[in-house]
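The values are calculated or read from the model by the stated rules, or taken from the named source; none is laboratory data. Quantities reported herein were computed from a predicted structural model and do not represent experimental measurements. Here the Cβ is made from the backbone with ideal geometry for all residues, glycine too, and neighbour counts use every protein chain on show. To get the accessible areas, we keep the full protein, side chains included, count just its heavy atoms, and leave off ligands, DNA and RNA. Shrake-Rupley method; radii C 1.70, N 1.55, O 1.52, S 1.80 Å.
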Amino acid sequence: MPAAHHHNLPIPDHKTLRSDAERQVKDELGQIPRPDDRFKRACEIVQQADLEIAAHAEERDQAAMSLWFYDGVRGLGKVLGMLPNAYRQMCRIALHGERDAPLTVDNGRMTAAERQAAAKKAGLPYIEDAADRLPSLAATVSVATARRKAAMPFLQDAALALTEEPYGWTTDRIAALGDTTVRHVRDVKNAAKRRRGH
């Protein structure tokens, strides 16, 4: 396998993808007047985003790690839409199972053989079509993450509003409406209070 080389993969326009996804969610949720309807829809958006992230993030990470460790492809952070520190953290977790482990593999000083040996030792799979799949997987995770982030303040504020007058709903009733747990409702309600400065 060749020495490390810079990728020639298409780089998704993560900034535009994220801002479009956030704007769509804000526009949609902002037009729902009733807090119960807004809470239910925000929960659906968050749950859908969580499913997409769960379905694609691991595959995205494995594709990126395969390209770096086995093929020596550098500069993948941009394809992933990640800052360098987040990318290094991904490498640490892949190799050592923890985010704070020492990392020597991202500085380009490791030989191809050392990178491959480290990957095999960590049980990282070699993925044949990683280069073909990585850009679209990265874009999918970016969009889902942005949608989730945009929906959360609406979800939090709606949960809090439903506990207040004139609604006075219980957390159990709110949880049932959003097909979520009582604990989650408490957490999002408290987050809304913190944002309000309570």
Residue 47 at pLDDT 95 or above and under 26 Å from residue 165 (Cα atoms): no
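Could you please give the count of residues in the stretch 116-138 that are assigned to a helix (DSSP H, G or I) and surrounded by fewer than 22 Cβ atoms within 10 Å (Cβ to Cβ)?
Of the stretch 116-138, the ones assigned to a helix (DSSP H, G or I) are 116-122, 130-138.
Subsequent filtering for residues that are surrounded by fewer than 22 Cβ atoms within 10 Å (Cβ to Cβ) retains 116-122, 131-133, 135-136.
Going through the stretch 116-138 one residue at a time, the tally reaches 12.
Hey, can you tell me all the residues within the stretch 121-137 that are under 14 Å from residue 8 (Cα atoms) and free of Cβ contacts under 8 Å to residues at least 40 places away in the same chain? It would help to see each step written out before you state the result.
If we filter the stretch 121-137 for residues that are under 14 Å from residue 8 (Cα atoms), which is where we start, we get 130-135.
Scanning the stretch 121-137 gives a single hit, 132.
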Just checking: which of the helices (runs of 4 or more DSSP H) contained wholly in the stretch 1-104 hold 3 or more residues that are surrounded by 17 or more Cβ atoms within 10 Å (Cβ to Cβ), in contact (Cβ under 8 Å) with a residue 60 or more places away in the chain and under 14 Å from the mean Cα position of the chain (by Cα)? 14-30, 35-69
Anything in the stretch 144-185 that is closer than 17 Å to residue 20 by Cβ and open to solvent by less than 40 Å² (accessible area, probe 1.4 Å)? List them, or say none. 144, 146, 150, 151
